[in-house]
Amino acid sequence: MNEKMMPAATKLEPKLLNLSCIYLPAKHPYLTAKWYGEIFDLEAADFAPLDPEADLVVLKFSKDIPGGGSLFFVQSNDKFSMNFNNIQGYNHAILMFQVKDIEEIYERMKEKGVELATDGIKDRGGCGKEIAFFDPDGRKIEINDYGTR
C-alpha cells in the first residue's frame, strides 16, 4: 500500500464506556451482599432488595460514579478464582475497587474479622493506599484510594 492510499489518522472514540455491573457467584447472596453493604456503605438496588430468601441480590455503587454500576450477587455453588499469579510470582486480585475513607474501611474490616491478604494498609506512594482481603465467598479483592485524597 503506498502513502496516498493510507487512511488519514483519526482520533478513536472509545466504545467501551463504563463498567455497568459485576456478576459474582455467592453461596448465600443475601449474606454476601449484607457483608459488602456493611463494609462499604452500599445500598440494595430498588429492583432487587435485600431478601434472605433471594437467589439474586444487587447492590448499587456510589452515586458519584458516572453511569452508576452494580454488584450482582447470584446464588451459585460454583467457586470462581478471583486472583492469579503474574510471571514474577505476585498474586493479583482480578477486582480492585476505588474507595474513599480507606482507614475507616480498614477499621470496619478489623472489627468484623475480615481475612486480609496483606498486613494492613499498604502505602503505594503516588498510586494510593491499598488493602487486599478475602470476601465471604473466598474471593481475593483489592481496594485502593488512588485519586480520592
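Derivation of every value follows stated rules applied to the coordinates shown; laboratory data play no part. Here the structure is a predicted model, which means the values were calculated and not measured. Heads up, the Cβs are rebuilt from the backbone with ideal geometry, glycines too, and the neighbour counts pull from every protein chain shown.
Quick rundown of the values:
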item	result
Nearest-ten-degree value, helix 29-40 long axis tilted from longest Cα axis of the chain	80
Rough spin-label spacing in nm, given labels placed 7 Å along Cα→Cβ, for Arg124 and Glu111	2.6
Around His92: net Lys/Arg minus Asp/Glu count, Cβ-Cβ under 10 Å	0
Radius 13 Å from Cβ of Gln75, net charge of other residues (Lys, Arg +1; Asp, Glu -1)	-4
Built amide H within the under 5 Å cut-off of Phe97, gap 5+	Glu142, Ile143, Asn144
Structure-derived P(r) over Cα pairs in 5 Å bins from 0, in percent: which label, when the choices are (i) 2, 11, 21, 23, 20, 12, 7, 4, 1, 0; (ii) 2, 7, 11, 15, 18, 16, 12, 8, 6, 3, 1, 0, 0, 0; (iii) 2, 8, 15, 19, 18, 14, 8, 4, 3, 3, 2, 2, 1, 0	(iii)
Sequence-separation-based contact order of region 105-149, relative, with Cα cut under 8 Å and 6+ spacing, percent	30
Cross-link reach list, aspartates and glutamates versus Lys60, counting only Cα pairs under 17 Å and skipping chain neighbours closer than eight places	Glu38, Asp41, Glu43, Asp46, Asp51
Set of lysines near Lys79 by C-alpha distance (under 21 Å), chain-local residues within fewer than 8 positions excluded	Lys27, Lys34, Lys140
GluC sites (Glu not before Pro) within region 22-64: DSSP coil, no more than 10 neighbouring Cβ in 10 Å	Glu53
DSSP-assigned coil residues among chymotrypsin sites (Phe, Trp or Tyr not before Pro) in region 29-127, each with at most 11 further Cβ atoms within 10 Å	Phe47, Tyr90
Relative contact order, percent, the chain [alpha-carbon distance under 8 Å, six or more residues apart]	20
